[in-house]
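Heads up: the structure comes next, in structure tokens.
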């Protein structure tokens, strides 16, 4: 991979995208989205995550993050490793999950092309990291993140989507706190 989309400044603020392998629509289930929310909350409290914006779509997550410990790479690595393990366990042990075999097949298939993965791979390794170095870049990416559910025709207004920081920025009750920009 070239220099584009790499994390070079460990104390910088980054726009990041976490994509499920094969664009599998995992986050159509509340319990899987809630695992992400719980993980974000844990990382904010225990790992020095500053989370400025997020949205959980069906097969990817957009976020704007920073590490107050100047180790955004380590934070992203730990977040993805932990959530992958939790999500794979939740999916494969969920007796009500009608897509269990299909999802397992996707996770197995993608792990075959990756030396760093054992039997199953949940996230792609790319994070599409873009350092946000100006206020204009930050505001533009926050708007992009919050507008995702509107562009997907799920809601009319950004703040109507529950799994997004748009509710925080609108001053509405939300699932978790974020670090307001």
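The values are calculated or read from the model by the stated rules, or taken from the named source; none is laboratory data. None of the values given here were measured: they were computed from a predicted structure. Cβ atoms come from the backbone with ideal geometry, glycine included; neighbour counts cover every protein chain shown.
Does the range 119-133 include one or more residues that are over 19 Å from the mean Cα position of the chain (by Cα), at pLDDT 95 or above and more than 23 Å from residue 37 (Cβ to Cβ)? Show your work before the answer.
Our first condition is that a residue be over 19 Å from the mean Cα position of the chain (by Cα); within the range 119-133, this holds for 119, 133.
Applying the additional criterion that residues be at pLDDT 95 or above yields 133.
If we keep only those that are more than 23 Å from residue 37 (Cβ to Cβ) as well, we get 133.
Yes, that holds for at least one residue.
If I filter the range 106-121 for residues that are in contact (Cβ under 8 Å) with a residue 60 or more places away in the chain, over 22 Å from residue 30 (Cα atoms) and in contact with a strand residue (DSSP E or B) (Cβ under 7 Å, 6 or more places away or on another chain), do I get at least one hit? No, the range 106-121 has no match at all.
Considering the conditions (1) part of a loop (DSSP other than H, G, I, E, B); (2) in contact (Cβ under 8 Å) with a residue 24 or more places away in the chain; (3) farther than 30 Å from residue 105 by Cα, residue 138 is excluded by exactly one of them, (1).
For the range 100-125, a tally of residues being assigned to a loop (DSSP other than H, G, I, E, B) and crowded, with 16+ Cβ neighbours inside 10 Å returns 5.
Determine, yes or no, whether residue 30 is farther than 19 Å from residue 169 by Cβ, out of contact with any strand residue (DSSP E or B) (no Cβ under 6 Å at 6 or more places or on another chain) and modelled with pLDDT of 95 or more. Quick ask: steps written out before the conclusion?
Numbers: farther than 19 Å from residue 169 by Cβ: yes; out of contact with any strand residue (DSSP E or B) (no Cβ under 6 Å at 6 or more places or on another chain): yes; modelled with pLDDT of 95 or more: yes.
Answer is yes for this residue.
Please find, among 156, 181, the residue that is surrounded by fewer than 17 Cβ atoms within 10 Å (Cβ to Cβ), touching a strand residue (DSSP E or B) at 6+ places or on another chain (Cβ under 6 Å) and either within 28 Å of residue 74 (Cβ to Cβ) or modelled with pLDDT of 95 or more (or both).
Working: 156 fails: touching a strand residue (DSSP E or B) at 6+ places or on another chain (Cβ under 6 Å).
After ruling out the rest, the residue left standing is 181.
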